[in-house]
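Notes follow the structure.
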Amino acid sequence: MPKQPSAPARHVLRWARVAVAVFVSACALLGAVRLVAPATGGTEGEPGGVRQQLTFIRAALDDGAGAGAQQQFPEGYFFLHALYGLSWVELGMREPAGEARAEAVREARWALGRLDSADGRAAFSAELVPSYGVFYRGWTNWLRGGVLSLLPQGERESAEVRRFAADSAALGAAFDDSASPYLAAYPRQAWPVDSTVAMASLRLHDTLLPARFTGTVERWTDGVRQRLDPRTGLLPHRVAPDTGDPLEVARGTSQSIIQRFLPDIDPDFAREQYMRFRDRYVVTPLGLGPTTREYPKGMDGPADVDSGPLPLGVSLSATVVTLGAAQVQGDASLAEGIANYGELLGMPVSTPWTKRYAFGLIPIGDAFVAWSKTARPWVAQTPAPPPSHLSSWWRVPLLALLLVVGAAPWLPALLRRLPHHRFRGRPPAVPVRRIWRQRLAKTGSQRPGE
């Protein structure tokens, strides 16, 4: 027979099992709390944890995370700095004039300075029109306008105002001279999402400075309506650089950004596009939480560096950015649902000073989360909420699963404590030694041979 563990060893094993059970149950309880606790601040309140995220991202940038992101993504350096600065602008818009807003201006200017450098422009071509392409010019112009929007008119630096006006003029002239509504981001390559960001920056210009791009915006919108993706009725993912004709079906990674910016360009067109996008791309695989497909329902395609892996057709990056698009559209139930699902699956680690998702292994992912949670329109008013797309019961299967996981470690001990009952049918086996004791007690005799 195998040797039984000693009493001290059994004691240690028993307490080890208790410790594991407590840990598993605590994790399940924490997951349940993250699934139901408010995770966004809407367009007015400040979402909890974002400042701690930005503290982590700034420390990562100071340690060279921008160069690391560039090795992972084609615009990794640019996006990590741009989203850091834009998130600070979003927070600053929620603050009255004072130290908190001054901090937002300071950090956003720091990020803009990193973009307006040789490293920030390294991935782009100076030969394009406008120089360095619509991707670089559109995002930097949006961030520059965001910094100006945090400052009273009398406190804006004249150099910043002149630069914003000049860059906006260069973008406007390029759109006016183009046969296509979509300008090139790289030589002979154009993506509608990049021109959407640039066009939103021109609308922002006309709210901060004397208006001059109304005609440009209207012509752009008309050109876009004439070149929609025939399969989905949405802006296509990639287009012919000369004509703007669709070359690739609308995809979740670009659509989620497009839906974030369209409301500041044309609110009515944006609502129409958002409803199409939500109907064709937002899903709940396996009946669990809300996510965003990379390709429309009924269609599958290859993953790439932007989409990441596509389990069940879902793109994690597109899902995160859809949170911001939903918030800008007033779709609070979807925004909160995606945020809660992310709090459960993203494994955030928090300290009193920092917060990071996925153990901080991909800082650019944290930047997208912070930017999405702080989303709000900059030019237009937040529209009325659309009809709900997400069932109010979507959390129930996940909560039930967490309940099972949390209770499972305690079930063996609970079963051992249950009283024995008699069951109909075959009685439970009785040990032979107990049978002999019962017979001896009745007869007073001994067993044979005793």
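The values are calculated or read from the model by the stated rules, or taken from the named source; none is laboratory data. Quick caveat: nothing in here was measured; it's all calculated off a predicted structure. Cβ atoms come from the backbone with ideal geometry, glycine included; neighbour counts cover every protein chain shown.
Looking only at residues in the range 9-28 that are at pLDDT below 90 and small (Gly, Ala, Ser), the one that is nearest to ARG395 (Cα to Cα) is ALA21.
Here is a yes/no grid of residues against (1) more than 26 Å from TYR186 (Cβ to Cβ); (2) more than 18 Å from the chain's Cα centre (by Cα); (3) surrounded by 17 or more Cβ atoms within 10 Å (Cβ to Cβ):
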| site | (1), (2), (3) |
| --- | --- |
| GLY66 | no, yes, yes |
| GLN71 | no, yes, no |
| PRO74 | no, yes, no |
| TYR77 | no, yes, yes |
| PRO96 | yes, yes, no |
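Scanning the range 295-324 for residues that are within 20 Å of ARG276 (Cβ to Cβ) and in contact with a Pro (Cβ under 9 Å, 6 or more places away or on another chain) yields GLY313, VAL314, SER315, THR319, THR322.
So which residues in the range 317-343 are outside any helix (DSSP H, G or I) and buried (at least 22 other Cβ atoms within 10 Å of the Cβ)? Across the range 317-343, the qualifying residues are GLN329, ASP331. Scanning the range 132-148 for residues that are over 19 Å from PRO192 (Cα atoms) and either out of contact with any helix residue (DSSP H, G or I) (no Cβ under 9 Å at 6 or more places or on another chain) or of a type in the set (Val, Ile, Thr) (or both) yields a count of 1. In the set (1) under 24 Å from the mean Cα position of the chain (by Cα); (2) under 30 Å from TYR132 (Cβ atoms), GLY45 fails one condition alone, (2). Candidates GLY31, GLY41, GLY49, GLY45: the one that is modelled with pLDDT under 85, surrounded by 12 or more Cβ atoms within 10 Å (Cβ to Cβ) and either over 30 Å from LEU112 (Cα atoms) or of a type outside the set (Asp, Glu) (or both) is GLY41. For the range 123-167, the candidate set comprises residues that are hydroxyl-bearing (Ser, Thr, Tyr) and in a loop (DSSP other than H, G, I, E, B); within that set, the residue that is nearest to ILE258 (Cα to Cα) is TYR132.
The set of residues in the range 225-282 that are in contact with a Leu (Cβ under 8 Å, 6 or more places away or on another chain), of a type in the set (Phe, Trp, Tyr) and closer than 21 Å to GLY138 by Cα contains only PHE269. Among the residues of the range 344-359, some residue qualifies, meaning at least one is surrounded by fewer than 24 Cβ atoms within 10 Å (Cβ to Cβ), modelled with pLDDT of 95 or more, among the hydroxyl-bearing types (Ser, Thr, Tyr) and not in a helix (DSSP H, G or I).
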